[in-house]
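The values are calculated or read from the model by the stated rules, or taken from the named source; none is laboratory data. All values derive from a computational prediction rather than experimental measurement. Every residue, glycine among them, receives a Cβ derived from its backbone with ideal geometry; neighbour counts consider all protein chains shown. Note: accessible area is taken over every heavy atom of the protein model, side chains too, but ligands, DNA and RNA are not part of it. Shrake-Rupley method; radii C 1.70, N 1.55, O 1.52, S 1.80 Å.
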Amino acid sequence: MNKNNIKLGELLVSLGKLSEEQLKAVLQEQKKSNKKMGEILVAKGIISDKELIEILEFQLGIPHVDLGKYIINPEVVKLIPESMARRLGAIIVDKRGETLVVGMVNPLDIFAVDDIRLVTGHNVQPVICTEADVNRAIDKYYSEDKTKEMLEEFEESVTPEYLGDIPEEDLTDVNSAPVVKLLNSIIVQAVNMRASDIHIEPFDNIVRVRYRVDGDLQEIMTLPKSTFSAVITRIKIMGKMDIAERRVPQDGRVEMDIEGEPIDLRISVLPTVHGEKVVFRILHREAGMLLKENLGFTEENLERFEKLLMQPYGIILVTGPTGSGKSTTLYSALSDLNSMEKNIVTIEDPVEYKIKGINQVQVNIKSGMTFAAGLRSILRQDPNVIMIGEIRDAETAQIAVRAAITGHLVLSTLHTNDTASSVVRLVDMGIEPYLVSSAVVGIVSQRLVKKLCDRCKKPYEASYAEKNTLRIDTDRHVQLYAPVGCEACNKGYKGRTAVHEVMLIDEGVRRLIDKGASTDDIKNYAIKNGMTTLFDDAVLKALDGVTSTEEVLQIGYGI
């Protein structure tokens, strides 16, 4: 293997991808860590995983396959068990006569090839695939099958005697209870599909299970209504809720470890006419901490946002509807501000991501720990920066304003449609206009749009109607991109990014606020002074091939 690694290193040097000094450093790290050379090179960002497999194909003479564009036969995948596929870093992608085409992270692993040959009884033709592609394919093809198996086992276990009120002790054996295994499988599949929410909804004769992936809900399965009593009881036990209470909404929370990744689940139970509807919000603790450079800001908007974060005091508001990524933006800002010299305290409901070095307080209404009460106590803790999860009422708004004008930097969120309407909302809450203009230093409004899949998006010439709709010069030659759909994405989309509107509260805006100007007057002034609206920011992303026209129109025209 060392011989092959030296050849790979020499090949990379000859191709100009690696310097002699880098090669020596990588070989030294390989001796210490016992990792593969390719793995180290990709982790360091010296080459991409795609470049690696192309170079290995050239070096080894073994073809590579892009699993994102390859149509895999789901029947042949199951010829080896999931545990074996994960252990070997391999997935069967096709069967040609008596030969299996196997996508492998390390096609030189002759022991892995022999294991697959022995288990399946077929010849093996290895092809090179990236580790990310192999893991994604394993997640997709095995998790769906496992969930179906769990559902069948659960349905068989539900006898007429099992349909009444189920004692808690009958549902707490994680290793054997079919309902436990079914719910765990549903959650694992949701995490693997990058879902943000799981909806379990009872109707007349069925229970529908849907996942929200990239902002859209899609049905995954239906359960017989007869199984619902066991499912809802287990969910309430997971979330430490009252299993006997069925008439009022309940909230719960559970922490899980899914394939080594810590996951927080926020559970909401709501009584409906057909039974209790459940929504799980999936929070990836590690994924929550994004750098502000990776949040979708344009260069101009990022410069404006960074200017706001350099302010010594004042209120910075992040606004938008529920699920628009406001918390992620706030956490990225806190991460940027976090230092040994600053005392940063947050009050949140709930604390979504725990940040090392920051004091985070959880709202608890039952014990009297409201946003306002917690904020009053925080002000006695000598803070430099305060983050309020949300300004929901006049009392919280008044304390936040008082904190800002007495020398604290305050970060918070509001549920408003754009930047200018946030000013009017604070005034409507009873804050005097002169206090709003003195306290607020900047407002960021944002929405999420789906990102086009880089592998399959299709360029096309924009029509006259599209250019007119997007407010682009109709005489210009404009190229846009359309979703297509492939194995690696969700109907042509993969992931989401934010579009932004960043308003700096300068002297002109302050004068308008003091005069009690309307939302339109404030917004028109900001646009004349260089602010990019949400709609225009979305159009820029469509022109760059990041998103589609359909997604831009979800933002709304604005001004």
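Brief remarks follow.
- When every residue of the stretch 344-356 is checked against the conditions, at least one turns out to be basic (Lys, Arg) and out of contact with any strand residue (DSSP E or B) (no Cβ under 7 Å at 6 or more places or on another chain).
- Residue match in the stretch 40-52 (condition: charged (D, E, K, R), over 22 Å from CYS489 (Cα atoms), at pLDDT below 80 and open to solvent by 20 Å² or more (accessible area, probe 1.4 Å)): yes
Per-residue answers, yes or no, for (1) in contact with a His (Cβ under 7 Å, 6 or more places away or on another chain); (2) farther than 16 Å from ARG281 by Cα; (3) surrounded by fewer than 13 Cβ atoms within 10 Å (Cβ to Cβ):
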position: THR227; (1), (2), (3): no, yes, no
position: ALA230; (1), (2), (3): no, yes, no
position: LYS236; (1), (2), (3): no, no, no
position: VAL248; (1), (2), (3): no, yes, yes
position: GLY252; (1), (2), (3): no, no, no
position: ARG266; (1), (2), (3): no, no, no
position: VAL269; (1), (2), (3): no, no, no
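- Residue in the stretch 545-553 that is part of a loop (DSSP other than H, G, I, E, B), under 20 Å from ARG304 (Cβ atoms) and among the β-branched types (Val, Ile, Thr) present: yes
- Residue match in the stretch 202-214 (condition: among the polar types (S, T, N, Q) and crowded, with 18+ Cβ neighbours inside 10 Å): no
- Tabulated pairs, the stretch 335-357, first closer than 17 Å to ILE391 by Cβ and β-branched (Val, Ile, Thr), second open to solvent by less than 20 Å² (accessible area, probe 1.4 Å) and assigned to a strand (DSSP E or B), C-beta under 6 angstrom, 6+ apart or interchain: VAL345/ILE386; THR346/MET387; ILE347/ILE388
- Residue list for the stretch 17-36, filter: at pLDDT 75 or above, not hydroxyl-bearing (Ser, Thr, Tyr) and not in a helix (DSSP H, G or I): LEU18
- Taken over the stretch 232-266, the criterion of being under 22 Å from the mean Cα position of the chain (by Cα) and touching a residue at least 40 places away in the same chain (Cβ under 8 Å) is satisfied by ARG253, MET256, ILE258, GLU259, GLU261, ILE263, ASP264, LEU265, ARG266.
- Residues being open to solvent by 70 Å² or more (accessible area, probe 1.4 Å) and within 21 Å of the chain's Cα centre (by Cα) - total across the stretch 510-549: 0
- Criterion violated by LEU317 - all others in (1) within 27 Å of the chain's Cα centre (by Cα); (2) of a type in the set (A, V, I, L, M, F, W, C); (3) in a helix (DSSP H, G or I) satisfied: (3)
- Selection status of ASP114, part of a strand (DSSP E or B) and surrounded by fewer than 19 Cβ atoms within 10 Å (Cβ to Cβ): no
- Pairs, first in a loop (DSSP other than H, G, I, E, B) in the stretch 504-524, second of a type in the set (D, E, K, R), C-beta under 9 Å, six or more apart: LYS515/ASP521; ALA517/ARG511
- Taking the stretch 454-477 as the range and being closer than 29 Å to ASP418 by Cβ and crowded, with 16+ Cβ neighbours inside 10 Å as the test, the residues that pass are LYS457, ALA462, GLU466, LYS467, LEU470, ILE472.
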